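Engineer: The following block contains the structure, expressed as structure tokens.
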Amino acid sequence: MAPPVKSGPRFNEFIQSPKVRVIDGEGENLGVLNTRDAIAQAFEVGLDLVEVSPNADPPVCKFLDVGKFRYEAQKKANLARKTQKTQEIKEIKMRPNIDDHDYETKMKAMHRFIEEGDKVKVTLRFRGRELSHQQLGMNLLRRVQEDIAEIAKVEAYPRMEGRQMLMVVSPK
């Protein structure tokens with residue numbers, strides 16, 4: 001006997017169970033049958049015996065066209081892969097003494113990113129003497145946190161990394 005096909009469900013002579021529960025092409029339950037008899041009945045109607053639920057006791061098999069069954073399963077998998085959204089991390093860079101209009105522009109971009117389902121990493125870069133006034137940066141990040149509180153939650157609270165302060169927010 002040939003080894004079972006690696007991909008997809010087992011069918012016809014690859015079904016290893018001696019007895020199977022059979023469902024015909026119209027969805028009628030034919031009961032528990034000997035596997036060889038079930039395969040013979042499937043061939044009479046011009047279809048294959050396909051194992052649809054191998055973990056059941058006894059396994060459930062159905063009269064189907066194997067090629068069509070595999071094609072439909074592949075189409076379903078491709079559709080699922082196409083519609084899934086991967087979450088990206090977008091970055092917004094600011095300075096501690098950012099102007100109000102610049103801040104509003106950055107916040108608009110942040111709102112857009114969050115509405116698209118992406119995480120946003122807010123980077124606050126300190127230069128020169130700004131490093132000695134870290135409380136200004138902390139106040140700015142607290143302001144960002146309050147402004148987006150209704151649409152996003154803070155995933156990583158503000159922390160210093162070298163000369164920059166980082167905070168990560170993600171959609172609720």
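What follows is calculated from the coordinates using simple rules that are stated; it is not laboratory data. Here the structure is a predicted model, which means the values were calculated and not measured. All Cβ positions, even for glycine, are placed from backbone atoms using ideal geometry, and neighbour counts span all protein chains on display.
Engineer: Are there GluC sites (Glu not before Pro) in the range 102-172 that DSSP marks as loop and that have at most 11 other Cβ atoms within 10 Å, and which are they?
Structural biologist: Answer by residue number: 150.
Engineer: Right, next: Can you report the principal axis dimensions of the range 89-171 using only the alpha carbons, biggest first, rounded to whole angstrom?
Structural biologist: Cα extents, longest axis first: 37, 26, 18 Å.
Engineer: In the range 65-124, which trypsin sites (Lys or Arg not before Pro) are in a loop and have at most 10 other Cβ atoms within 10 Å, using DSSP for the loop call?
Structural biologist: 85
Engineer: Hey, what number do you get for the chain at 222 nm if only DSSP H runs of n ≥ 4 count, each worth -39500 (n - 2.57), divided across all residues, to the nearest 500?
Structural biologist: -11000 deg cm²/dmol
Engineer: What's the exposure ranking of 101, 133, going from fewest to most Cβ atoms within 10 Å?
Structural biologist: Neighbour counts put them in this order, fewest first: 101, 133.
Engineer: Stokes-Einstein diffusion coefficient for the chain at 37 °C in a medium of 0.692 mPa s, Rh from the Kirkwood formula over Cα pairs: what value in µm²/s?
Structural biologist: 156 µm²/s
Engineer: How far is helix 134-147 tilted, in degrees, relative to the longest principal axis of the Cα atoms in the chain, given as a value from 0 to 90 rounded to the nearest 10?
Structural biologist: Value to nearest ten degrees: 50.
Engineer: Rounded to whole Å and sorted largest first, list the principal axis extents of the Cα atoms in the range 16-83.
Structural biologist: Reported extents, whole Å, longest axis first: 41, 26, 21.
Engineer: Whole angstrom only: what separates the Cα centroid of the range 33-91 from the Cα centroid of the range 117-172?
Structural biologist: 49 Å
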